[in-house]
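The values are calculated or read from the model by the stated rules, or taken from the named source; none is laboratory data. Everything numeric here is computed off the predicted structure, so don't read it as measured data. Glycine gets a Cβ as well: all are built from the backbone with ideal geometry, and neighbour counts include every protein chain shown. When the accessible area is computed, the model is the full protein with side chains, heavy atoms only, and any ligands, DNA or RNA have been set aside. Shrake-Rupley method; radii C 1.70, N 1.55, O 1.52, S 1.80 Å.
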There are 2 protein chains.
Amino acid sequence: MAQAHALQVLVEALRRLPGVGVKSASRMAFHLLQHDRAGARQLAQALQHACDSVHHCRLCHTFTEHEVCETCQDASRDRSKLCVVETPADQSALERTQAFRGLYFVLMGKLSPLDGIGPQDIGLDRLLDRAGDGVVQEVILATNFTAEGEATAHVLSERLKARGLKVTRLARGVPAGSELEYVDLGTIAHALHDRR
Amino acid sequence: MAQAHALQVLVEALRRLPGVGVKSASRMAFHLLQHDRAGARQLAQALQHACDSVHHCRLCHTFTEHEVCETCQDASRDRSKLCVVETPADQSALERTQAFRGLYFVLMGKLSPLDGIGPQDIGLDRLLDRAGDGVVQEVILATNFTAEGEATAHVLSERLKARGLKVTRLARGVPAGSELEYVDLGTIAHALHDRR
Ligand SMILES: [Zn+2]
Ligand SMILES: [Zn+2]
């Protein structure tokens, strides 16, 4: 088929998005070029700008445009409690409960030996440094209650306890097998309160 | 949540893609920034380049980087037959059959009164001009066999016939390789009616 080369390149580039196969990519390219070129140009700029300006917070490792993110900079936060989550979306879910006023450490992933993701890929050393700053009194493990999340919590717990830190885990109010991002806020709030 | 502004802008821009809600957009943004910044930059460039260089073929209205697309330029094509399709993907499907060596007209859509898409939005005047060039002898309507595709074919057929053009429609029938027992009754009825 004599399809425009720039269009083929666009379809290939869209396929790098997670969950997008060749059919969806073609549909997306068609939609953008036929009906929403302004949206396409906006997306191009947003991608470029995010790649240029978004990096990791020096303290909690989440995405930020500053050296230290706004949450870590917030002087009203209880700096003695550090909550460890897998992703910014999980942190966001915890924040929406308004049940936690401490600080966070965002792993930006989880242990997954099958995918070759080991302790260093989720910033274990950085977490140990962060939790060992002498101010943090308790590390609350809020990784997901999936097999990988539990394994991650287990490994982190061992290593943090070996440094003499108090380690707690969200209570099992959260249904097993579910991801925080999709759990209702009340359940998350209870799980925070009942942490063990 | 103190989420990086550039990240929020990116999530919003990704939501303009068809079929992408806020959860998928967040997942896409996270994936690109955490695991595939090269892919993000490539996508930005591909979008920009496609917007700058892809426009419509003067003759068949499909996407091309030239004034006239490669198919329309192909001197070996039978210029007396013009096949009307809804999208480049439909044209592509027909090309893969290798059963048609004429030329195409791509509507880049279909009639859809509920969405406010009328005859001018699918280039009716352009099609009438194109089909009335004195060389085209037969217009083959290959819009989809959906309610909207059939309605589109009906309207185009009326207008083309009013110009004295010969208009045909792809045959409706039993798909190759299928057993009658498992084919829906409407399809069998159509196949009976269109028997040759
Ligand atoms: Zn931070
Ligand atoms: Zn053309």
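Side notes on the structure shown:
- Percent of Cα-Cα distances greater than 19 Å, calculated over region A:64-171: 40
- If you wrap region A:6-53 in the convex hull of its Cα atoms and look at it from every side, the mean projected area works out to 3.4 nm².
- Where labels lie 7 Å past Cα in the beta-carbon direction, separation of A:VAL155 and B:ARG172 in nm: 5.9
- DSSP beta bridges fully contained in chain A are about 20 percent antiparallel.
- Förster radius 30 Å - calculated FRET efficiency between A:GLN98 and B:HIS31, Cβ distance, rounded to 0.05: 0.60
- Between the listed residues B:GLY134, A:LEU7, A:LEU192, the Cα displaced farthest toward the positive end of the dipole of the protein assembly as shown, a dipole computed from Cβ unit charges relative to the Cα centre, is found at A:LEU192.
- Between A:VAL135 and B:ARG15, the FRET efficiency estimated from the beta carbon spacing at R0 = 45 angstrom works out to 0.70.
- For region A:77-110, heavy-atom accessible area (probe 1.4 Å) falls by no less than 10 Å² from the chain alone to the full protein assembly at A:THR87, A:PRO88, A:GLN91, A:SER92, A:GLU95, A:MET108.
- Heavy-atom accessible surface of region A:138-196, averaged per residue, reaches 49 Å², computed with a 1.4 Å probe.
- Area hidden from solvent between A and B (accessible, protein heavy atoms only, 1.4 Å, total, Å²): 5100
- Averaging the Cα positions of each part gives two centres, and for region A:74-137 and region A:1-43 these lie 36 Å apart.
- Chain B: relative contact order as a whole-number percent, Cα under 8 Å and 6+ apart: 13
- Whole-percent carbon and sulfur share, accessible surface of region A:27-75, 1.4 Å: 48
- Equivalent-ellipsoid semi-axes of chain B, from the Cα gyration tensor, Å, largest first: 38, 23, 17
- Lysine pairs in chain A with Cα atoms under 22 Å, if 8 or more residues apart or on separate chains: 5
- In chain A, the calculated helix contribution to ellipticity at 222 nm averages -13500 deg cm²/dmol per residue, counting -39,500 (n - 2.57) for every DSSP H run with n ≥ 4.
- Summary for B:ARG163: label point 7 Å along Cα→Cβ; distances to the equivalent points in the other copies, ascending, 7.5 nm.
- Estimated dipole of region B:6-53 in Debye, rounded to 20 [Cβ of Lys and Arg +1, of Asp and Glu -1, Cα centre]: 160
- Of all beta bridges that DSSP places with both ends in region A:79-169, some 10 percent have antiparallel geometry.
- Sequence-separation-based contact order of region A:79-169, relative, with Cα cut under 8 Å and 6+ spacing, percent: 33
- Cα convex hull of the protein assembly as shown - mean projected area over all directions, nm²: 25.0
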